[in-house]
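This report refers to the structure that appears directly beneath it.
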Amino acid sequence: MANKVELAPLRPWDDFFPGSERFAKPDVKDVAKWNNRVVSNLLYYQSNYLASAVVVFLVVGFLNPLGMFTAMSVVSAVFLGSVWAGENRAVINNFKRQNPTAFVIAVMVASYVLISMMGSVMVFMSAITLPLALIMAHASFRLRNMKNKLENKIEGAGLKRSPMGLLLEALGQQEENIQKIQSFLEGKLKE
């Protein structure tokens with residue numbers, strides 16, 4: 001039975017950005033532990049991250065509206081053109097089905113070339129790269145709390161579905177959650 005997808009609630013500011021005692025440098029020698037922290041925070045704070053990204057996107061757009069509009073228009077046109085071509089041209093449709101990654105890369109390269117010809121690359125890249133960098137920094141340095149861990153166990157068990165959970169699952173970041181949940185529950189039962 002498939003559960004419906006729900007957006008996680010917006011976490012309070014004092015939970016999202018508490019004092020420095022809730023932040024710590026990740027253990028770069030233990031990549032699995034660091035990855036677990038990032039995935040957990042991405043799931044738990046996904047609505048806060050979305051709101052932060054929208055704010056940065058709007059600020060960059062406000063500072064250079066013409067560059068942002070130009071870049072968004074070019075990317076939209078190239079994307080819509082590639083979808084149209086994929087549906088109406090057999091050669092492109094076959095290429096898209098046989099090489100989906102190459103097709104996406106071709107669309108991205110075409111967008112980049114056209115945006116660079118119009119001088120809006122840095123504006124658009126700032127609006128996308130800056131929010132991603134801020135999100136990754138927060139997810140890497142924010143220590144998890146018990147509510148965070150519990151919410152992630154519920155999501156990992158499939159009892160609750162969220163957009164970020166689906167994205168992480170598609171990227172192969174949720175594969176071992178069932179074993180983690182089993183170990184977690186066994187540990188709690190022994191206590």
* **Exposure of F17 as accessible area (Å², to 10), given a probe of 1.4 Å and all protein chains** => 110
* Asked: When the Karplus curve 6.51 cos²θ - 1.76 cosθ + 1.60 is applied with θ = phi - 60°, which whole-Hz ³J(HN,Hα) does each residue of the stretch 55-67 get, with x for Gly and Pro?
  -> 4, 4, 4, 5, 5, 4, x, 5, 6, 9, x, 5, x
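How high is the relative contact order of the stretch 1-90? Use alpha-carbon pairs under 8 Å, at least six apart in sequence, and give a whole percent. Display every interim value, and only then the final one.
Values: 24 pairs, mean separation 25.2, N = 90.
Averaging sequence separation for qualifying contacts and normalising by length gives 28 percent for the stretch 1-90.
What translational diffusion coefficient, in µm²/s and rounded to a whole number, does the Stokes-Einstein relation yield for the stretch 24-136 at 10 °C and a viscosity of 1.306 mPa s, taking the hydrodynamic radius as the Kirkwood radius over Cα pairs? It would help to have the intermediate numbers written out before the result.
Details: Rh = 16.5 Å.
Once the numbers are plugged in, D ends up at 96 µm²/s.
In a shell of Cβ-Cβ distance under 11 Å around F103, excluding F103 itself, what net charge do Lys and Arg (+1) and Asp and Glu (-1) give?
Numbers: positive: K96, R97; negative: none.
Cβ neighbours under 11 Å give a net charge of +2.
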* Asked: If you bin every alpha carbon distance in the stretch 88-129 into 5 Å steps from zero, what whole percent lands in each bin?
  -> 5, 22, 18, 20, 13, 12, 9, 0
* Structure fact -> the stretch 80-105 and the stretch 3-28 have their Cα centres apart by a whole-number Å value of 39
* What ³J(HN,Hα) values, in whole Hz, does the Karplus curve 6.51 cos²θ - 1.76 cosθ + 1.60 give for the stretch 123-130 when θ = phi - 60°, with x put for Gly and Pro? -> 4, 5, 5, 5, 5, 9, 5, 4
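The values are calculated or read from the model by the stated rules, or taken from the named source; none is laboratory data. This one's a predicted model, so the numbers in the text were calculated from it and none came from an experiment. For neighbour counting, all protein chains shown are included, and Cβ atoms are generated from backbone atoms with ideal geometry for every residue, glycine included. The protein model used for the area step is the full one, side chains on, heavy atoms only, and it has no ligands, DNA or RNA in it. Shrake-Rupley method; radii C 1.70, N 1.55, O 1.52, S 1.80 Å.
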